[in-house]
1. Looking only at segment 157-185, filter to residues that are in contact with a Leu (Cβ under 9 Å, 6 or more places away or on another chain) and within 21 Å of Asp115 (Cα to Cα); which one of those is surrounded by the most Cβ atoms within 10 Å (Cβ to Cβ)?
2. So Gly42 ticks every box in (1) small (Gly, Ala, Ser); (2) in a helix (DSSP H, G or I); (3) modelled with pLDDT of 75 or more but one. Which box is left unticked?
3. Can you confirm whether segment 175-195 contains a residue that is assigned to a loop (DSSP other than H, G, I, E, B) and over 21 Å from Pro82 (Cα atoms)?
4. Residue check, Glu120 against (1) out of contact with any helix residue (DSSP H, G or I) (no Cβ under 9 Å at 6 or more places or on another chain); (2) modelled with pLDDT of 85 or more, all met but one. Which one?
5. Scan Tyr178, Tyr99 and give me the residue that is of a type outside the set (A, V, I, L, M), more than 19 Å from Phe23 (Cα to Cα) and under 17 Å from the mean Cα position of the chain (by Cα).
6. Only one of these conditions is not met by Leu136: (1) surrounded by 15 or more Cβ atoms within 10 Å (Cβ to Cβ); (2) over 19 Å from Leu15 (Cα atoms). Which number is it?
7. Can you tell me how many residues in segment 74-122 are within 26 Å of Pro174 (Cα to Cα), part of a helix (DSSP H, G or I) and among the hydrophobic types (A, V, I, L, M, F, W, C)?
8. Which residue pairs have Cβ atoms closer than 8 Å, lie 6 or more positions apart in sequence or on different chains, and pair a first residue in segment 5-18 that is in contact (Cβ under 8 Å) with a residue 24 or more places away in the chain and over 13 Å from Leu136 (Cβ atoms) with a second residue that is part of a helix (DSSP H, G or I) and hydroxyl-bearing (Ser, Thr, Tyr)?
Amino acid sequence: MKDSRLEEIKSRKNLYFFLSKIFERELISKDLEILKDLEIFGALGLDFSVEGDFIESLSVEFARLFIGPGSHISAYESVHSPTGDGQLYGKVTSSVENYYQSFGLIKSTPELLPDHISIELEFMTLLLDEELKANLEGDSEREKICTMRQKQFFNNHLANWIPIFCKKLGSFEPCDFYSFFANFTDQFIEAEREVYQSA
């Protein structure tokens, strides 16, 4: 039972990390190599090339979808959250930033605001890593606290806006790569909602 629980935590942690990298910035071949090393591409039935033309087309598509110029989609919770004010660096951004600081964490990508999708997904990776460590050390009390922190952050933040973001991303008619990950991320968040409902 303990081994299956460890594998579940590891798998979920890897998926959060993987998705954080997909939405962080334009991917380079090194990024795809790292992501391929996680064996998630294969597990998802994907076979994306790390060749130059493919990488360049992904960079162009990333810029079109998330940067502009022109109409693009914001990857920030404050823009999509029903509890937000629809503007960057609003009350939602401050709430997320305060949450990170309460754990003594500083976001690893200073050019992105704290409520960027990749930063929030990376934070869940860190929370799951803490749960994994507690599980390995046999510290059930700390493991419960870690699960509670994940559930709180997930329910107060990710669950409120990432499905909205994914549906809006789909409306921009992205290339196959980003279309796949818009759908996959939406499904993953729904699966995680069930995990935290039973936690």
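1. My answer is Ile162.
2. (3)
3. Of all residues in segment 175-195, those assigned to a loop (DSSP other than H, G, I, E, B) come to 175.
Next, only the ones that are over 21 Å from Pro82 (Cα atoms) stay: 175.
Checking segment 175-195: at least one residue is assigned to a loop (DSSP other than H, G, I, E, B) and over 21 Å from Pro82 (Cα atoms).
4. Condition not satisfied by Glu120: (1).
5. Working: Tyr178 fails: more than 19 Å from Phe23 (Cα to Cα).
Only one candidate passes the filter, namely Tyr99.
6. Of (1) surrounded by 15 or more Cβ atoms within 10 Å (Cβ to Cβ); (2) over 19 Å from Leu15 (Cα atoms), only one is false for Leu136: (1).
7. Residues meeting the conditions: 4.
8. Cβ pairs passing all conditions: Tyr16/Thr125; Phe17/Thr125.
The values are calculated or read from the model by the stated rules, or taken from the named source; none is laboratory data. Everything quoted here is computed from the prediction, not taken from an experiment. Because the Cβ atoms are built from the backbone with ideal geometry, glycine has one as well, and the counts that use them run over all protein chains shown.
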